[in-house]
Amino acid sequence: MNLNQLTIKEARKMLDKKTISAVELTKACLVRIKATDKKLQALITLCEKTALAQAKAADARLAKGEKGSLLGIPYLAKDNLLTKGIKTTSASKMLENYVAPYNATVIAKLNEAGAVLLGKTNLDEFAHGASTENSAFFTTKNPWDTTRVPGGSSGGSAAAVAADFCLFALGSDTGGSIRQPASFCSVVGFKPSYGRVSRHGLMSMTSSTDVIGPITKTVEDTALVLEAIAGLDSYDSTTAKIKVDNYRKNIVKDIKGLKVALPKECFGPELSPEVKQIMDQAIAELKKLGAKVSEISLPHIKYGVPVYYIVTPSELSSNLARLDGLRYGYRAKTTKGESLNDVYLKNRGEGFGPEAKRRIMLGTYALSAGYYDAYYKKAQSVRILISQELNQSLEKYDVIVTPTSPHTAFKIGAQKDPLQMYLEDIFTTTPSLAGLPAVSVPAGFIEGLPIGIQIIGAKFNESGVLQVAHNFETVTEWHKAKAKI
Amino acid sequence: MSLDINEIKHIAALSKLGLSEKELKHYGEQLSAVLSYIDQLTEVDTQKVETSTRLGESYNVWAQDKPVVWEEDGREIALDQALGIKDGQVKVPRVLE
């Protein structure tokens, strides 16, 4: 086994016993990236020099006898997370040469923990999409089949973990952007509760649903990374004052008698027989583990996507208004005599890609005079109904289980219609709208392509979600399969 | 919901996006299709929803209004991002008419 294939837990033992060094571990990841990323295109920026320097520093700390769960562990971060002195592009022409002047809180926390940043991963421009095809630079390929997408928007991070470029990666999830690519790439993708992890230094998309979370090889590794990045942050006033649990301790508890709910709306005739079979297998495993499984009805869940595609564009159209190419960012060629408005129109018209433009326009429309009540207010009202429905169910049941995605990874270029692409988020938007924690764990393969199940918990019950996921993982082998690339 | 060309022009202007005629037509059609899909929300009865309901727990998080000193290298990187600098000031194109 190559060192880059290790889980965090395995590497931790070896680093602490001094059978390997952080430099050796980092070098193994760098070798793998250099050999394979030509095929996958998961990375926008590789930070070889700084990574090796960080690894050396970690070895020095280890030599002094310092302990730390992530000390010397190499990782990758999605390129919408600010990294001081390192290019942070959000996969947009608008910020192609932008270097972040400070670190996102999550990056600062990982730095302090001694984790080693290997580089920055590809995404759909400003995280708008479900395939990485909206990246202004290139499309990342799925390690299980390079003619297919890795999912998105955190597609670069999910593909990189699946291909063992790193021991873990960070993604961001607004409506499914960690969970759906995790499902497509057969890795664990976790979206914490809204407010559990600081958003400071994450380029804002939908400020009311954005969350940063880990993508890992095992559920236990997710628990470990979450402990390191979660918590109150004075730079993000929406972070919760609620105590961060010892997730690793909680996940090993069994799930005998735990109540699992299956919303019948997520198991309708639109689910293919193959996906249905995967879900049946997964549910049978949960039953074998002692969980009590019941069918429930969530009648408003079907409005998740239409609500999401009003709320998200509305918020991001405001958030992206700051990018005008005047002080920094993309600037078009200006000619004398142009007005300020002409300059804005050119910079933004040329700097943003098609999906960003569609979403900015959709949001601007939904917020404009005369349409605000019909769209924005209506969507927010339905959002409240969705949240109440989920919250009430999670008072009666410990977790809700659904498929993560309606199908396996699709071919690059196959989804040409934006509306079809929006429907990719069909099972993942509702927990986002309600701010709930949710994880995607590998649950099987259909014709060689992976697919995951989604486990949703009550707000701030990260422990419960990871406990069910870990129990499921210990009786299944899906997460052990490796893509041949 | 279908948007005519004048409506899509108005939205593009409000969005501060300079678009070609071809783009306007193309995005107009796509946005009309998306809005038609979103129109299914009208079937949900939301009359009884209290729109002042808060989705989060936080309410008025206060902080001291104290400036935090930036690290010097961070300040330098931030200024390096400027498209033009003159006498330590960010220089922008002349835009006043």
From the options A:438, A:469, A:434, residue that is within 14 Å of another protein chain (Cβ to nearest Cβ) and either among the aromatic types (Phe, Trp, Tyr) or buried (at least 24 other Cβ atoms within 10 Å of the Cβ) (or both)
A:434
What are the residues in segment A:219-240 that are among the charged types (D, E, K, R) and within 17 Å of residue A:208 (Cα to Cα), if any?
A:233, A:236
Note on residue A:350: of the conditions (1) within 8 Å of another protein chain (Cβ to nearest Cβ); (2) over 26 Å from the mean Cα position of the chain (by Cα); (3) buried (at least 21 other Cβ atoms within 10 Å of the Cβ); (4) in contact (Cβ under 8 Å) with a residue 24 or more places away in the chain, unmet is (3)
From the options A:181, A:269, residue that is over 15 Å from the mean Cα position of the chain (by Cα) and under 29 Å from residue A:286 (Cα atoms):
A:269
Going through B:35, B:79, B:83 one at a time, which residue ends up being within 25 Å of the chain's Cα centre (by Cα) and closer than 30 Å to residue A:366 by Cα?
B:35
What's the total number of residues in segment A:353-380 that are farther than 27 Å from residue B:94 by Cα, open to solvent by less than 20 Å² (accessible area, probe 1.4 Å) and touching a Ser or Thr at 6+ places or on another chain (Cβ under 9 Å)?
9
Among the numbered criteria (1) under 19 Å from residue A:433 (Cα atoms); (2) not in a helix (DSSP H, G or I), which one does residue A:256 miss?
(1)
Applying the selection to segment A:443-457, what residues are under 17 Å from residue A:257 (Cβ atoms) and hydrophobic (A, V, I, L, M, F, W, C)?
A:455
Those residues of segment A:366-382 which are at the interface with chain B (Cβ under 8 Å from one of its Cβ atoms), of a type in the set (Ser, Thr, Tyr) and under 21 Å from residue A:305 (Cβ atoms) amount to A:375, A:381
Out of (1) surrounded by fewer than 24 Cβ atoms within 10 Å (Cβ to Cβ); (2) within 22 Å of residue A:202 (Cβ to Cβ), the odd one out for residue A:89 is which?
(1)
Checklist (1) over 18 Å from the mean Cα position of the chain (by Cα); (2) under 15 Å from residue A:178 (Cα atoms); (3) of a type in the set (D, E, K, R) applied to residue A:398, failing item
(2)
Report whether or not residue B:63 is exposed (fewer than 15 other Cβ atoms within 10 Å of the Cβ) and either touching a helix residue (DSSP H, G or I) at 6+ places or on another chain (Cβ under 6 Å) or at the interface with chain A (Cβ under 7 Å from one of its Cβ atoms) (or both).
yes
Extreme residue, most open to solvent (accessible area, probe 1.4 Å), among residues of segment B:39-59 that are under 21 Å from residue A:389 (Cβ atoms) and more than 7 Å from chain A (Cβ to nearest Cβ):
B:48
Scan of segment A:184-207 for residues that are in contact with a Leu (Cβ under 7 Å, 6 or more places away or on another chain), within 14 Å of chain B (Cβ to nearest Cβ) and either farther than 18 Å from residue A:456 by Cβ or charged (D, E, K, R) (or both), ordered by number
A:201, A:206
Take residue A:109 and decide whether it is surrounded by fewer than 24 Cβ atoms within 10 Å (Cβ to Cβ), under 27 Å from residue A:55 (Cβ atoms), charged (D, E, K, R) and touching a Phe, Trp or Tyr at 6+ places or on another chain (Cβ under 9 Å).
no
Look at residue A:97 and say whether it is surrounded by fewer than 17 Cβ atoms within 10 Å (Cβ to Cβ) and under 24 Å from the mean Cα position of the chain (by Cα).
yes
Does segment A:41-61 contain any residue that is of a type in the set (Lys, Arg) and in a loop (DSSP other than H, G, I, E, B)?
no
I'm trying to understand the selection: among the residues of segment A:401-423, which are within 18 Å of the chain's Cα centre (by Cα) and either within 14 Å of chain B (Cβ to nearest Cβ) or aromatic (Phe, Trp, Tyr) (or both)?
A:421, A:422, A:423
Residue list for segment B:11-38, restricted to those being surrounded by 15 or more Cβ atoms within 10 Å (Cβ to Cβ), more than 7 Å from every other protein chain (Cβ to nearest Cβ) and without any contact (Cβ under 8 Å) to a residue 12 or more places away in the chain
B:23, B:26
Counting only residues in segment A:124-155 that are touching a Pro at 6+ places or on another chain (Cβ under 7 Å) and hydroxyl-bearing (Ser, Thr, Tyr), the one surrounded by the fewest Cβ atoms within 10 Å (Cβ to Cβ) is identified as A:132
Quick check on my filter: what residues within segment A:63-81 are of a type in the set (A, V, I, L, M) and open to solvent by less than 10 Å² (accessible area, probe 1.4 Å)?
A:70, A:71, A:73, A:76, A:77, A:81
Hey, does segment A:169-186 have a residue that's assigned to a helix (DSSP H, G or I) and among the charged types (D, E, K, R)?
yes
Contacts under 7 angstrom Cβ, first residue in segment A:313-341 being within 8 Å of chain B (Cβ to nearest Cβ), partner acidic (Asp, Glu), 6 or more apart:
A:339/B:97
Within segment A:391-398, is even one residue open to solvent by less than 30 Å² (accessible area, probe 1.4 Å), farther than 29 Å from residue A:40 by Cβ and of a type in the set (A, V, I, L, M)?
yes
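The values are calculated or read from the model by the stated rules, or taken from the named source; none is laboratory data. In this text the structure is predicted, and so the values were computed from the model without any measurement. For neighbour counting, all protein chains shown are included, and Cβ atoms are generated from backbone atoms with ideal geometry for every residue, glycine included. Please note that ligands, DNA and RNA were not included when accessible areas were found on the heavy atoms of the full protein model with its side chains. Shrake-Rupley method; radii C 1.70, N 1.55, O 1.52, S 1.80 Å.
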